[in-house]
1. Once both labels are modelled 7 Å past Cα along the beta-carbon direction, what's the residue 34-residue 150 spacing in nm?
2. Would you calculate the separation in nanometres between label points at residue 118 and residue 141, each defined as 7 Å from the Cα along the Cα-to-beta-carbon direction?
3. Distance in nm between label sites at residue 100 and residue 72, each 7 Å beyond Cα in the beta-carbon direction?
Amino acid sequence: MTHQSQRIAYYAAPVLEQRPRAEVLATPPINWERVRKWLLPAVLLVAVVALYLVQSSFATTSELESARLMREHDLLVRQNLQLAADIAELEKPSRIRERALALGFVDANKSIRMTVPLTTEPETDAGSTSNPDLVATWQRLIVDLARRLSPASK
């Protein structure tokens with residue numbers, strides 16, 4: 001038997017069965033109407049909740065920051081008052097007087113009289129300290145001044 005002489009038998013099916021048929025899929029196709037009906041409100045609800053949470057956290061953060069700034073303000077006011085009290089304490093006249101006396105100052109209302117002897121000799125050299133009488137005079141003056149200014153003479 002040759003190839004040409006073979007008869008090919010075809011499956012004979014009724015005409016209705018030979019038409020293409022639509023197969024039912026295992027998963028149904030997406031129903032966009034249903035998706036739109038439920039997804040849009042869900043997205044809006046999530047957006048509203050997110051907006052509320054963001055606003056709430058911002059308000060809480062702002063409140064905490066405000067409280068921190070108020071505490072800092074109170075601290076600075078207390079420090080300012082303390083510094084003002086310290087300055088007032090340091091500016092008291094009695095404290096200033098005590099400190100001046102401790103440093104060796106004298107009251108301004110006390111007058112100090114000093115007598116300076118006049119020399120009749122004219123000086124030949126103004127910058128020279130070779131004259132022993134002049135040196136002795138200045139030394140006596142300094143000793144007298146120190147004696148009068150010392151706290152023991154009061």
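Bear in mind these aren't lab numbers, they're just calculated from the coordinates by the rules spelled out. These numbers come from a predicted model, not from an experiment. Positions of Cβ are backbone-derived with ideal geometry, glycine not excepted, and every protein chain shown enters the neighbour counts.
1. With each label placed 7 Å out from Cα toward Cβ, I get 11.6 nm.
2. Roughly 1.5 nm, to one decimal.
3. 4.3
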